[in-house]
Amino acid sequence: MGRKRSKSTHLTIKDAELDRISCLPGHVIDQILSLMPIKEAVRTSVLSSSWRNKWYTLPNLVFNKHCISVAASKYTSVINNKFLRIVDHVLLQHSGPINKFMLSDNENCLIRVCDVSDVHRWVLHLSRRSIKELLLHFWLDKRYKIPLSLFSCQSLRHLSLSCCQLKLPTTFEGFKNLQYLHLEEVTLAQDDFENMISGCPLLDHLYLAADDVPVKLPAPCISLCELSLCINFNDLKEISAALCLLRSSPNLKKLEIFARIEEETVLLTPTSYCWEDIFSGPAMPIQVQHVTIDGISGIRSELDFIRFLLRYSPVLEKMIVKHVVNVQPELITELLRFKRASDEAEVIYLEKEEEASEQSEAG
């Protein structure tokens, strides 16, 4: 009898511990499940009858390589088919609001060109569920054309796209609630970009590393306070696009520039363009306070861009400049001697070794 009583007591304590978790508020359980890979969150359904449907209401759905054991098969088609079934199963069973949907395939093993119709179907489903955050990051042999259904989704607040093609429908009325827009290797026409930006009155953060960049905007971006750009400083069109966005953002506070060099680009020289024509003073001073320029190699057009920012940013507080290759000491001296519109402006020049050291100390 003693053994039996002890066993009963043990089960009671174990059950109490399980109930302690099961009785947590719904939003706490959702938070716990949201920190788990979607595959593991679905597996909690076998814990007990009360857990069977808890994952059905997960507000944030992230689908990536952690959803499936990529190493389980050497055949990409097998991995791909399993992944598609997982996404379909989750969306079919899901019954609550979906705040965030992220599809990430950095290793190019989950999504193939032949799966475009599946992605179309998911986007259509999500646009009908009043989704707030949509992130599509996958790379195919050709750009994925965003379906028209997305452009009617007025609940969107965060949109992040990679390797896509955007073609706005004639009925597009803008994203009235969009605050964050990330476009990386995205193809879109000049007119479409203008209409898209002007149709986002609440946009306050823009990241742009697109194939087709704007050279003019029909109206200022009043709400934009953070801007991140990836620029080839040997491409006059991209430099002009950066200046266009700066001049069209009267309330910009933070600017991040990532310099890149393309192998086939013809190098610009001081004689190949006129600084005064390209970097003429803006109609209104640039209001940016914090600037980071990463990846410079010391070419003249990069220095001209930096000089422009220092000359026309009267409230600038700090500019951090990082380089990727060894540069001549004279270049650093020239950089530090540039005239500044702001007496408070601090220019910090970091080498890669210093940057790594700072990140290590911060960690």
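The values are calculated or read from the model by the stated rules, or taken from the named source; none is laboratory data. All figures in this text were calculated on a predicted structure; none of them were measured in a lab. For neighbour counting, all protein chains shown are included, and Cβ atoms are generated from backbone atoms with ideal geometry for every residue, glycine included. We work out accessible area using only protein heavy atoms, side chains counted, and drop any ligands, DNA or RNA first. Shrake-Rupley method; radii C 1.70, N 1.55, O 1.52, S 1.80 Å.
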If you check Val324, Val347, which single one turns out to be touching a Leu at 6+ places or on another chain (Cβ under 7 Å), at pLDDT 70 or above and not polar (S, T, N, Q)? Val347
Give me the residue from segment 227-241 that is surrounded by fewer than 21 Cβ atoms within 10 Å (Cβ to Cβ) and small (Gly, Ala, Ser) and, out of that set, nearest to the chain's Cα centre (by Cα). Ser228
Result of the Cβ filter at 6 Å on segment 91-102, keeping first residues that are farther than 14 Å from Val119 by Cα and buried (at least 16 other Cβ atoms within 10 Å of the Cβ) and partners that are of a type outside the set (Ser, Thr, Tyr) and at pLDDT 90 or above, at least 6 apart or interchain, is Ile98/Arg129; Ile98/Ile131; Asn99/Lys132; Lys100/Glu133
The one condition Leu203 fails out of (1) surrounded by 14 or more Cβ atoms within 10 Å (Cβ to Cβ); (2) modelled with pLDDT under 95; (3) not charged (D, E, K, R) is (2)
Considering only residues of segment 103-122 that are assigned to a helix (DSSP H, G or I) and open to solvent by 50 Å² or more (accessible area, probe 1.4 Å), which is nearest to Phe138 (Cα to Cα)? Val113
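Look through Leu208, Leu224, Leu178, Leu134 and report the one residue that is within 20 Å of Val62 (Cβ to Cβ), buried (at least 21 other Cβ atoms within 10 Å of the Cβ) and out of contact with any Gly (no Cβ under 8 Å at 6 or more places or on another chain).
That would be Leu134, the only listed residue that is within 20 Å of Val62 (Cβ to Cβ), buried (at least 21 other Cβ atoms within 10 Å of the Cβ) and out of contact with any Gly (no Cβ under 8 Å at 6 or more places or on another chain).
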